[in-house]
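Structure first, commentary second.
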Amino acid sequence: MKSKSDISVFEKYAHEYDLMTNARQREKNHDQEVAAIVKRYKPTSVLDAGCATGLTSSLFARRGIETVGLDRSQRMLTEARKKYKFTGYPLKFQFGHFERLSKSLNGKFDLVVSLANSISGVHTLKELFGAFSNFHRVLKPGGSLVIQVLNYKGWKENELMPIRATDNDGLVYIRFSERTGRQFHIYAIRLDNREEEPKFEVFRHDFDNFSATEIVRLLKEVGFRKIEKFGNLKFTEKFGQASRDVVLTATKKAESF
Ligand SMILES: C[S@@+](CC[C@H](N)C(=O)[O-])C[C@H]1O[C@@H](n2cnc3c(N)ncnc32)[C@H](O)[C@@H]1O
């Protein structure tokens with residue numbers, strides 16, 4: 001998906017990403033989601049594609065699972081490395097694009113996860129095909145992929161959908177989204193109220209939108225099997241009309257399939 005902005009709010013304020021997304025408050029629930037993923041797939045190695053500041057990666061790694069957090073944002077990786085440097089977890093952070101994954105990762109992982117709309121950073125269907133081919137290539141035979149697309153329900157035409165508002169002692173972030181045709185827009189307002197004179201910035205990112213049907217078609221084309229859709233990351237609800245998010249799971253053919 002293409003962003004028209006030169007630099008996204010995430011990229012510019014990577015050092016505030018955890019505040020913007022309420023990472024500390026999200027951690028408990030996200031840990032339960034990671035527990036559900038681990039229970040379902042029992043991975044010994046995980047690639048967290050689009051790791052940002054590393055929360056998801058750290059939750060796998062602290063369970064003793066060899067984890068690589070991958071991101072195309074050096075600023076995010078700097079934050080992630082800073083946070084988890086002294087944990088002793090089996091955790092590495094690596095620069096890379098989904099569309100051009102290093103051959104050194106071939107066949108290395110039991111599980112690839114790409115959560116919280118990370119795949120929306122891919123520009124076109126052709127590039128999404130490339131990204132899925134690469135996820136397929138870095139998986140071991142029989143390995144699985146989990147993709148999470150948030151606010152899927154909000155992809156209704158011309159409807160403004162609140163994403164999240166956070167206030168950290170006067171540093172306020174408000175994000176909401178809208179869909180018009182194939183275009184998906186994310187609006188972000190950053191208000192810094194900590195100084196005498198409040199300062200604010202507005203960001204808008206416009207993307208091409210991928211439907212769940214297109215995602216499933218591309219997953220099949222690159223060779224994934226057993227494609228399923230869920231309404232949440234704990235796999236307790238099948239995807240349906242009422243689901244706010246969509247979680248897609250797919251498996252690479254085992255050698256003896
Ligand atoms: C919305 S954040 C999600 C972060 C994290 N997965 C989470 O659950 O909080 C998306 C991250 O994916 C990264 N990203 C987006 N598109 C990418 C691509 N094509 N290749 C590598 N990283 C990408 C961004 O730099 C950003 O850090």
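Take the residues of the stretch 183-210 that are exposed (fewer than 13 other Cβ atoms within 10 Å of the Cβ) and touching a residue at least 12 places away in the same chain (Cβ under 8 Å): which is farthest from LEU160 (Cα to Cα)?
ARG194
Which one of LEU139, LEU160, LEU150 is at pLDDT below 95 and under 30 Å from GLU66 (Cβ atoms)?
Result: LEU150 is the single residue among LEU139, LEU160, LEU150 that is at pLDDT below 95 and under 30 Å from GLU66 (Cβ atoms).
Looking only at the stretch 33-53, filter to residues that are more than 8 Å from the ligand (Cβ to nearest atom) and of a type in the set (S, T, N, Q); which one of those is nearest to SER133 (Cα to Cα)?
SER45
Scan the stretch 23-58 residue by residue and report those that are modelled with pLDDT under 95 and surrounded by 15 or more Cβ atoms within 10 Å (Cβ to Cβ).
Scanning the stretch 23-58 gives ALA23, ARG26.
Conditions tested, residue by residue: (1) away from the ligand (no atom under 12 Å from the Cβ); (2) within 29 Å of ARG244 (Cα to Cα); (3) among the polar types (S, T, N, Q); (4) under 14 Å from the mean Cα position of the chain (by Cα).
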| site | (1), (2), (3), (4) |
| --- | --- |
| ASP31 | yes, yes, no, no |
| LEU55 | no, yes, no, yes |
| LEU59 | no, yes, no, no |
| SER73 | no, yes, yes, yes |
| PRO90 | yes, no, no, no |
| SER118 | no, yes, yes, yes |
| LEU125 | yes, yes, no, no |
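Checking PHE86 against (1) within 11 Å of the ligand (Cβ to nearest atom); (2) closer than 22 Å to ALA14 by Cα; (3) of a type outside the set (Lys, Arg), which single condition isn't satisfied?
Every listed condition holds for PHE86 apart from (1).
So the check is Cβ under 8 Å with 6+ separation or different chains; which pairs have a first residue in the stretch 140-163 that's surrounded by fewer than 12 Cβ atoms within 10 Å (Cβ to Cβ) and a second one that's part of a loop (DSSP other than H, G, I, E, B)?
Between residues of the stretch 140-163 that are surrounded by fewer than 12 Cβ atoms within 10 Å (Cβ to Cβ) and residues that are part of a loop (DSSP other than H, G, I, E, B), the close pairs are GLU157/GLY181.
Based on this model, can you work out whether LYS140 counts as under 22 Å from CYS51 (Cα atoms), touching an Asp or Glu at 6+ places or on another chain (Cβ under 9 Å) and among the charged types (D, E, K, R)?
Answer is yes for this residue.
Taking the stated definitions as given, is VAL68 under 23 Å from VAL246 (Cβ atoms) and of a type in the set (A, V, I, L, M)?
So VAL68 fails the test.
Residue-wise test of (1) within 16 Å of the ligand (Cβ to nearest atom); (2) in the same structural domain as VAL112 (by TED's automatic domain parsing); (3) part of a loop (DSSP other than H, G, I, E, B); (4) not aliphatic (A, V, I, L, M).
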{"residue": "PRO141", "(1), (2), (3), (4)": "no, yes, no, yes"}
{"residue": "VAL146", "(1), (2), (3), (4)": "yes, yes, no, no"}
{"residue": "ILE163", "(1), (2), (3), (4)": "yes, no, no, no"}
{"residue": "THR166", "(1), (2), (3), (4)": "yes, no, no, yes"}
{"residue": "ARG175", "(1), (2), (3), (4)": "yes, no, no, yes"}
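What number goes with the only condition from (1) more than 9 Å from the ligand (Cβ to nearest atom); (2) out of contact with any His (no Cβ under 9 Å at 6 or more places or on another chain); (3) more than 26 Å from LYS234 (Cα to Cα) that GLY96 does not pass?
(1)
The values are calculated or read from the model by the stated rules, or taken from the named source; none is laboratory data. The structure presented is a predicted model; accordingly, all values stated were derived computationally and were not measured. Every residue, glycine as well, gets a Cβ built from its backbone with ideal geometry; the counts of neighbours run over all protein chains shown.
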